[in-house]
Structures are given as structure tokens and as C-alpha cells.
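The numbers here are math on the coordinates, done by the rules we state, and not lab data. Keep in mind it's a predicted model, so treat the numbers as computed, not measured. Every residue, glycine as well, gets a Cβ built from its backbone with ideal geometry; the counts of neighbours run over all protein chains shown.
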Amino acid sequence: MNRRPLLAGNWKMHTTVIDACQLAAEIGKCSVGVTDRDVLLAPPYTVLSEVAHVLHGSNVLLASQNVCWEEQGAFTGEISPTMVTSVGGRAAIIGHSERRQIFHEDAEIINRRVQGAVKFGLIAIFCVGETLEEREGDRTFEVLEEQVKAGLAGVAPESMKKVVVAYEPVWAIGTGKTATKEQAQEVHAFIRKLLAEMFEKDIADSVRILYGGSVKPDNVDELMAQPDIDGALVGGAALDAESFCRIINFS
Ligand code: 13P
């Protein structure tokens with residue numbers, strides 16, 4: 001199965017308008033001529049529109065860092081799928097561990113977000129990952145199974161075209177401690193097997209599964225060489241144009 005690689009930068013709560021435009025311009029420039037892989041940026045909501053203008057005409061995709069399931073209404077602090085698409089956004093990150101842990105988003109909320117995103121035509125970049133305590137307690141696969149099943153509950157098989165899964169072990173996020181290529185591959189293969197059980201093999205084989213957690217220029221090549229790793233969701237290294245450009249150009 002030929003899955004198109006996806007290199008995604010999650011800027012988290014970084015960049016003012018000026019920084020964002022500059023960073024997006026540099027990344028846009030180094031993505032010119034990149035046609036065999038997808039490049040995506042998820043800047044803060046406040047700069048989505050400016051970044052969209054900077055990237056206009058480029059092949060870099062734009063995403064929001066979260067999304068609500070409703071189109072509009074009394075949801076203070078939220079952003080709707082149509083707001084995202086109205087500025088040219090094509091995707092939304094959902095269920096990031098920072099949303100789960102710091103803001104206590106639970107499985108039901110995350111599932112509603114995934115369903116809302118695909119309903120309104122966005123690609124849902126659905127994140128899962130175990131904590132260090134869960135890994136050390138030998139609960140990695142149990143926790144991931146729970147997260148994947150809950151997050152994708154009620155998603156129709158045909159909507160899985162709009163879903164990307166991101167495996168981000170919590171202990172590897174922002175710590176400089178990357179999962180080894182073997183650890184990451186093992187989990188990615190597990191998630192794909194689970195997707196085959198939940199949907200069907202063809203669907204599981206076509207879903208892109210990204211790895212996230214301290215992806216850097218010096219580890220991206222070996223991670224991307226794994227058969228079930230289809231891309232990267234990058235935090236810190238996506239804030240540095242040179243590093244992210246190197247990651248986009250993994251070999
Ligand atoms: P780091 O690349 O900074 O570890 O962050 C990963 C991440 O959380 C991307 O969503």
C-alpha cells in the first residue's frame with residue numbers, strides 16, 4: 001500500500017503575527033517542488049488567516065490545533081469546522097495529549113470533535129499516546145486500544161479517508177526523548193491491526209499513521225524508514241524553518 005507521507009508542524013501556543021508570517025514564508029519556500037509528500041502547518045488560531053495568505057498558491061496545507069463539532073453557537077473559546085475551512089484550513093488536530101492532560105478533554109469530547117471534523121469535510125488528525133507511567137506499567141497497548149476505539153467510535157468506514165492517526169507517546173513530547181524506531185513501529189503496526197479489526201484491512205492499510213514526539217532532523221530518516229510510519233507530527237523542530245525543512249526533505 002502506497003501511503004503518501006505527511007509532515008505536519010504543530011506550532012502549539014507559539015508565534016505572533018510577524019513570527020508566524022516569517023516562519024510560514026520560509027517553510028513555503030522550501031516546500032516548492034515537494035510533490036511526493038504532504039506538508040501541513042497548524043499555527044495558532046490567531047494567525048490562521050495570515051498564514052493562509054502567506055501560503056496562498058503553495059502546496060502547504062493548513063490545519064487548526066483543535067476544532068468543535070458544531071458549526072456555530074454558544075461555545076466560548078472554541079473554533080468551528082466552517083471557521084477553519086473559511087480561512088482555507090483543510091485539517092484539524094484533535095485529542096492532542098496537551099488537550100487531554102492539561103485541559104481534561106475526555107474520550108467523549110474528542111470523539112465528538114473527530115466526528116464533527118469529518119462531517120464538515122476536514123481531515124481529523126486524531127492523536128493518541130500513552131504516558132510514561134502507562135508504558136512502564138505495561139499498559140501501552142491497552143491504553144492505545146481504548147483511545148483509538150473511543151476516539152473513532154461512530155466514524156463511518158467511508159469517513160476514514162478523512163482521518164489521520166498520530167501516535168504521540170506523552171513521554172516523548174517536548175522531552176528530547178524520542179521513541180526508538182522499533183518502539184514506534186511496534187505501536188504503529190498495533191494501531192493498524194486494530195483499525196483492520198474496527199473497519200477493514202483495506203481501510204487500515206490506507207490510513208496514514210504519523211509519529212510525534214521529539215522528531216528532529218537527525219532522527220526523522222530512521223523513523224520514516226519504518227513500514228508503518230507514514231509521517232511526523234512535529235512540535236519544537238517545526239518552529240525552526242531550517243529544521244522543519246530538513247524534516248520535510250527526509251530521505
Ligand atoms: P515535540 O516535537 O516538541 O516533542 O512535540 C510533539 C508534539 O506534541 C506535536 O504535536
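Give me P(r) over the range 112-251, computed from all C-alpha to C-alpha distances, binned every 5 Å, as integer percentages.
For the range 112-251, the pair-distance distribution reads 2, 10, 20, 22, 20, 15, 9, 2, 0.
R0 = 30 Å: FRET efficiency of Arg3 with Ala74, Cβ-based, nearest 0.05?
Once rounded, the FRET efficiency stands at 0.15.
Of all GluC sites (Glu not before Pro) in the range 160-251, which ones are in loop regions per DSSP and have a Cβ with at most 16 other Cβ atoms within 10 Å?
Glu200
Could you state the per residue volume, in Å³, of the convex hull enclosing the Cα atoms of the range 1-40?
Enclosed volume per residue, from the Cα hull, is 51 Å³.
Just for the Cα atoms in the range 151-210, what are the lengths along the principal axes, largest first, rounded to whole Å?
The Cα atoms of the range 151-210 stretch 37, 19, 15 Å along their principal axes.
At a Förster distance of 30 Å, what's the computed FRET efficiency of Lys119 paired with Lys177, Cβ-Cβ distance as r, to 0.05? Mind dumping the intermediate values first?
Numbers: r = 37 Å, r/R0 = 1.22.
The computed FRET efficiency comes out at 0.25.
Kindly provide the helix-only [θ] at 222 nm of the chain, computed as the sum of -39,500 (n - 2.57) over DSSP H runs of four or more divided by all residues, to the nearest 500 deg cm²/dmol?
Using -39500 (n - 2.57) per qualifying helix, the result is -11500 deg cm²/dmol.
What relative contact order, as a whole-number percentage, does the range 11-63 give when Cα pairs under 8 Å and 6 or more residues apart are counted? Write out the running numbers ahead of the final one.
On the way: 57 pairs, mean separation 25.7, N = 53.
Relative CO of the range 11-63 lands at 48 percent.
In which sequence would Val51, Val32, Val234 go, from the one with the fewest C-beta neighbours within 10 Å to the one with the most?
Ascending Cβ contact count within 10 Å gives the list Val32, Val234, Val51.
Over 15 Å apart: what share of the alpha carbon pairs of the range 88-174 falls there, rounded to a whole percent?
Value for the range 88-174 (Cα pairs over 15 Å): 56 percent.
Roughly how big is the range 194-246's charge dipole about its Cα centre, with Cβ charges of +1 (Lys, Arg) and -1 (Asp, Glu), in debye to the nearest 20? Could you put the intermediate results ahead of the total?
Numbers: 4 positive and 11 negative charges, 34 e Å.
In debye, rounded to 20, the range 194-246 gives about 160.
Run the numbers for Ser206 and Asn59: contour at 0.36 nm per residue of separation, minus the present Cα-Cα distance, in nm.
50.8 nm
Which parts of the range 218-235 would a label at His14 reach, counting a residue when its backbone N lies under 11 Å from a point 7 Å out along Cα-to-Cβ?
234-235
Taking the square root of 5 times each eigenvalue of the Cα gyration tensor, what semi-axes in Å does the equivalent ellipsoid of the range 1-94 have, largest first?
Whole-Å semi-axes of the equivalent ellipsoid: 23, 17, 11.
If contacts are Cα pairs under 8 angstrom and at least 6 residues apart, what is the relative contact order of the chain in percent?
20 percent
To the nearest 20 Debye, how big is the dipole of the chain about its Cα centre, given +1 on the beta carbon of each Lys and Arg and -1 on that of each Asp and Glu? Present the calculation step by step, with values, prior to reporting the outcome.
On the way: 24 positive and 35 negative charges, 126 e Å.
Dipole of the chain, to the nearest 20 debye: 600 debye.
What nm value, rounded to one decimal, do you get for the distance between Glu142 and Asp36 when each label is placed 7 Å out toward the C-beta?
4.3 nm
Based on a Kirkwood Rh over C-alpha pairs, give the Stokes-Einstein translational diffusion coefficient of the chain at 10 °C and viscosity 1.306 mPa s in µm²/s.
It diffuses with D of about 89 µm²/s by this estimate.
Work out, step by step, the length gained on full extension between His104 and Thr46: first 0.36 nm times the residue separation, then minus their alpha carbon distance; give nm to one decimal.
18.6 nm
Using only alpha carbon pairs under 8 Å that are at least six residues apart, calculate the relative contact order of the range 55-111 and give it in whole percent.
Numbers: 52 pairs, mean separation 19.6, N = 57.
Dividing the mean separation by the residue count of the range 55-111 yields 34 percent.
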